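Colleague: Encoded as C-alpha cells, here's the structure I'll be asking about.
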C-alpha cells in the first residue's frame, strides 16, 4: 500500500524524521505501516530499539528484507500484512509511523494499540496533490479533515504542516513531459484525460502536496 515511484519523494521526509528524532527512539519499537520497500524503516532502524515494517505487497516486502540485510540492519524486520484490516497489537509498538500511506482505518488501529503519551506520526497526501487531475487520492486529507480524524481517534496534534511544490510550465508539451512518469497509472485510473483537458484549457501547473503530522495519544 504505497504510491508509485513517480508519486513518492526520493526518500523519507526530512521533516518527519526531524519530528521523530525528538522522541526517545532508542527505547522504542516503531511500527512502519505501508512500509513498501522499507525506506522509512531503514532510516529509523539505526536510531530505534526495533522497527517492524508491514505491507500487503509481498514483492515489496521481499525487496525491503533484502535491502535491510545488505545494510546490515539487525533490528528491523518486515512482515506481509494488510495494515487497514489487521490489528497492530501483535507487533507491540511504542510508536506508529506511516509515509504516504494513511487512511481512517490506519488511524483507528494506531489509536487502539498505542498507550497514552505515545506518538503517531505520518506523511499523507494533501487534497491538493495532483489537483490538476480533479481526482484526489483516497489517501488524501485536508487540514480540517485530518484534525477531525485525529481528534475522533483520541490523538492530540502536536505538529501539522503542508509541504507543497507547484511546477509551472510555458507550454502544453512541457506539462505533458512533466507528468510522463505518471501517464500509465493515470491512464488506468482516469486521471490522464482530465489532466490533458486541464492543459488544453490553458492550465500550466502540476502540484505535489503532502501533510506532515505528529500526534500524541491522549
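Throughout, read-outs are computed from the coordinates displayed, never taken from laboratory work. Just so you know, these numbers come straight off a predicted model, no measurement behind them. Ideal geometry is used to build each Cβ from the backbone, glycine not excepted, and the neighbour counts take in all protein chains shown.
Colleague: Could you tell me the calculated FRET efficiency between residue 57 and residue 135, based on Cβ-Cβ distance and R0 = 22 angstrom, to the nearest 0.05?
Modeller: E(calc), rounded to 0.05, equals 0.45.
Colleague: Starting from 0.36 nm per residue, how many nanometres of slack lie between residue 157 and residue 176 once their C-alpha separation is accounted for?
Modeller: So the chain would gain 3.0 nm between residue 157 and residue 176.
Colleague: If you line up the long axis of helix 104-113 against the longest principal axis of the chain, both from Cα atoms, how many degrees apart are they, to the nearest 10?
Modeller: Approximately 10 degrees, to the nearest 10.
Colleague: On full extension of the chain, what length is gained from residue 183 through residue 115, given 0.36 nm per residue of separation minus the C-alpha to C-alpha distance?
Modeller: Full-extension gain reported as 20.2 nm.
Colleague: In addition: Taking a ≥ b ≥ c as the square roots of the Cα gyration tensor eigenvalues, with a/c under 1.5 meaning rounded and otherwise prolate when a/b beats b/c, else oblate, which class fits the range 33-84?
Modeller: Verdict is oblate for the range 33-84.
Colleague: For the chain, max minus min Cα coordinate along each principal axis, in Å, sorted largest first?
Modeller: Sorted largest first, the three principal extents are 54, 39, 29 Å.
Colleague: Moving on to the next point. Give me 21, 143 sorted ascending by neighbouring Cβ count inside 10 Å, so fewest comes first.
Modeller: 21, 143
Colleague: Nearest 5 percent is fine: what portion of the DSSP beta bridges confined to the chain is antiparallel?
Modeller: 50
Colleague: So, one more: With r as the distance between the Cβ atoms of residue 148 and residue 66 and R0 = 25 Å, compute the FRET efficiency 1/(1 + (r/R0)^6) and round to 0.05.
Modeller: Efficiency computed from Cβ-Cβ geometry: 0.05.
Colleague: Decide, for the range 109-192, between rounded, prolate and oblate: order the square roots of the alpha carbon gyration tensor eigenvalues as a ≥ b ≥ c, take rounded if a/c falls under 1.5, and otherwise choose prolate if a/b is larger than b/c, else oblate.
Modeller: Here the range 109-192 falls in the prolate category.
Colleague: Related question: Against the longest alpha carbon principal axis of the chain, how many degrees, from 0 to 90 and to the nearest 10, is the axis of helix 58-70 turned?
Modeller: The angle comes out near 60 degrees.
Colleague: Any chance you could give the angle, 0 to 90 degrees and rounded to 10, that helix 191-200 forms with the longest Cα principal axis of the chain?
Modeller: Here the helix axis deviates by roughly 40 degrees.
Colleague: For the residue pair residue 108 and residue 29, what label-to-label distance in nm results when each label sits 7 Å from Cα along the Cα-to-beta-carbon direction?
Modeller: 2.5
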